[in-house]
1. Of the residues A:205, A:290, A:125, which exhibits the maximal mean-square fluctuation in a Gaussian network model of chain A defined by a 10 Å Cα contact cut-off?
2. Scattering from the C-alpha atoms of the stretch B:5-77 alone, worked out with Debye: what is log10 I(q)/I(0) at q = 0.16, 0.18, 0.23, 0.25 1/Å?
3. Quick one: check the C-alpha center-to-center distance for the stretch A:205-220 versus the stretch A:131-188, whole angstrom.
4. Using a 10 angstrom cutoff on alpha carbons, build the Gaussian network for chain A and name the most mobile of A:285, A:223, A:304.
5. For residue A:255, what charge total do you get from the other residues with a beta carbon under 15 Å from its beta carbon, if Lys and Arg give +1 and Asp and Glu give -1?
6. Please identify, among A:128, A:310, A:16, the residue showing maximal mean-square fluctuation in a Gaussian network model of chain A using a 10 angstrom Cα cutoff.
7. Efficiency by 1/(1 + (r/R0)^6): what FRET value for residue A:99 and residue A:293, r their Cβ-Cβ distance, R0 = 51 Å, to the nearest 0.05?
8. I'd like the Kirkwood hydrodynamic radius of chain A, using the inverse of the mean 1/r over distinct C-alpha pairs, in Å.
Amino acid sequence: MGDRSVSRPTLGDVEQILAALAQEGYIADREIATAIYLSIELHKPLLVEGAAGVGKTEIAKVMARALDTDLIRLQCYEGLDVNTALYEWNYQKQMLRIRLEEGSGRTPEEKEQTIFSEPFLLRRPLLQAITHPRAPVLLVDEIDRVDEEFEAFLLELLSDWQITIPEIGTIRAQHVPYVVLTSNRTRELSDALRRRCLYLWIDYPSFEKELAIVLRKVPGISRQLAEQIAAFLHAVRALDLQKVPGVAETLDWSAALLRLHRDHLDREAVERTLGCLFKHHEDQRVARGPWLDRVLAVIADAQRDGQSLQAALDRLERLARG
Amino acid sequence: MRPDFGSLTEHVVEFSRRLRARGVLCGPAETADALRALRAVNVLDREAFRLALRTTLPHRREDLGVFDALFDAYWQTGLAQRSEGQEDRPEPQALAEAAGPGTPSLRRWAEEAAEGEQELPGYSPVEVLSRKDFSSFREDELDVIARLVVAIARRIATRWSRRRRRARRSHLLDMRRTLRLHLRWGGEFPGLAFQRRKVRKHRVVLLCDVSGSMDVYSRFLIQFVYALQDALGRVESFVFSTSLTRVTEELRTRSLRAALDRLSQRVPNWSGGTKIGSSLRQFLDRYGGLLDRHTVVLIVSDGWDTGEVEVLRRAMQEIRSRAARVIWLNPLLGSPGYQPLTRGMQAALPYVHVFASAHNADSLRELERVLARGRVGRPRR
């Protein structure tokens, strides 16, 4: 693929990516920045794994913004087919053309050649990505949802960067896209696909990181409330839940609390906004229980006495498990 | 100070080799990537150096822990002790399968099952077997169970293919072919061409424990096996207690009662003790060819193994590595106070993708839900 990728822009170093990420309002740690940076530098696909809601999809968005290029997204689901992933013929346009050519005296073969040519092609994400005028970022979201066959097909595409359409022939990529694949690990991916990619695992954010995210993304929130929110989430994620809240839920919840003009957490505030964090009835029941009072007490004590935060966080974790 | 890339290269190669020795998926390609990555970062910055290797060498979350431990040991001293411990842990995995359209034959099965129950003659082993647990199923429950079993069977065994094939009539138009027809007929409209998604079926291998400890469930289990095979067609069924018997043919017969009759005659040690490990080994040795990447292995057992635990562990490991999915249904899982702590169950668990209970209609419903999770018919968002 060598000379096909001449036009790729490069970024100086990891620090620059960190800065680019921060500019885009994304709080990244060096691990994420390094992964994005190396994916661009080595021009290798980046496989991002982690639980739902930790910001896997954002990686691709940020990468596209940092490279100042377009983002093309392929959302995977079981039964994803060629018509949705690669291309489809534009049947309306084809029929119109057939109508227009009625009585033109051209043979059916000639007509067929016309209507099965590039102008009549609808480009779906994968074809879009390889025919893009400059190297785009291709996000293959939730790759674990497609079957092994499609995975194998994708692997082939990632090495050859060409697509064959029976009526037209083989289309080769002009510029090799930057690729980000995400997986929620509902299915084990093949070793072959893994080995083609650089690897990034994103965990739920640490207390400090989540605090920074809340402070940055929820304008007008007080530091006290933001700390309480981050500590609360820390305790929540240690619970045995059906659906563990991710960063998106944290931000929704923060915004909701702010809207209710709360400056600290109490039982009433939490109960009124429970739906932002807990999306299962059973989880809500757990959260409403006596656990809630204990957690709120630990958080309030820690903040009032200026205790060591780490000690308080450890106590919160024990609370959730015991 | 300038980094010495010569000796650094050697060290990275050696480090990769040690990762590989510990079971991390990491070969020369990864090593080459790591070296390229090191040229792109500031290697004098220890954290940058670590992250560059961490992004390029391991490829799965399970390997990150191995990487972290080895990184600290190796790059701290540069003279790490050599240890060749093999990490060998399969990771848990959820199912993502699709359901197909229902079959009418199951109603017949349910009716037959109910009928057979009333018509049983005097004493026979079959009768004992049949009555044992049947009382716990109400008549209407049986119907529910029958339907659930089919739904489960389909989730386990079918998936939509990406490919489509021509069809006489369906809800999917084949526009490509329609337009071609249209042209050929010179502008006349000859009708529509249809296509249909191919449904691809997994092969299912069913291994069913019929030993004494499973006795009370046997009736239910046979129904389960029968329904599964009836619904799918591509099921290979085995029963085992101290040894293994292939029963696919017996169950192929159309009547449930006849099947039960023949089974009890053929299977040695029905309701005897259990040797799960050696039974599974026997399966691998004699019928191992049935396993491939499209095979779902369904084991129904309570995990009470009176044989060698290591034999069971090894057999499970091999089954896991050769099959697409391993599902273990444990009827005891639903009973209060039961924890999967039998030594056999403990040894087998790490190699199981889905571990679920199967003792009543509710647990089957739950299983169906578990199997349905991750299955999405259209894109979300």
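1. A:290
2. Each listed q maps to, in turn, -0.47, -0.61, -1.05, -1.26.
3. 34 Å
4. A:304
5. Values: positive: A:216, A:217, A:259, A:262, A:272; negative: A:210, A:249, A:252, A:263.
Summing Lys/Arg as +1 and Asp/Glu as -1 gives +1.
6. Of A:128, A:310, A:16, the Gaussian network model singles out A:310 as fluctuating most.
7. Numbers: r = 72 Å, r/R0 = 1.42.
My answer for the efficiency is 0.10.
8. Working: mean 1/r = 0.0442 Å⁻¹.
Answer for chain A: a Kirkwood hydrodynamic radius of 22.6 Å.
Readers should treat all values here as calculations from the given coordinates under stated rules, not as data from a laboratory. Being a predicted model, the structure only gives us computed values, none of them experimental. Cβ: placed from backbone, ideal geometry, glycine included. Neighbour counts: every protein chain shown.
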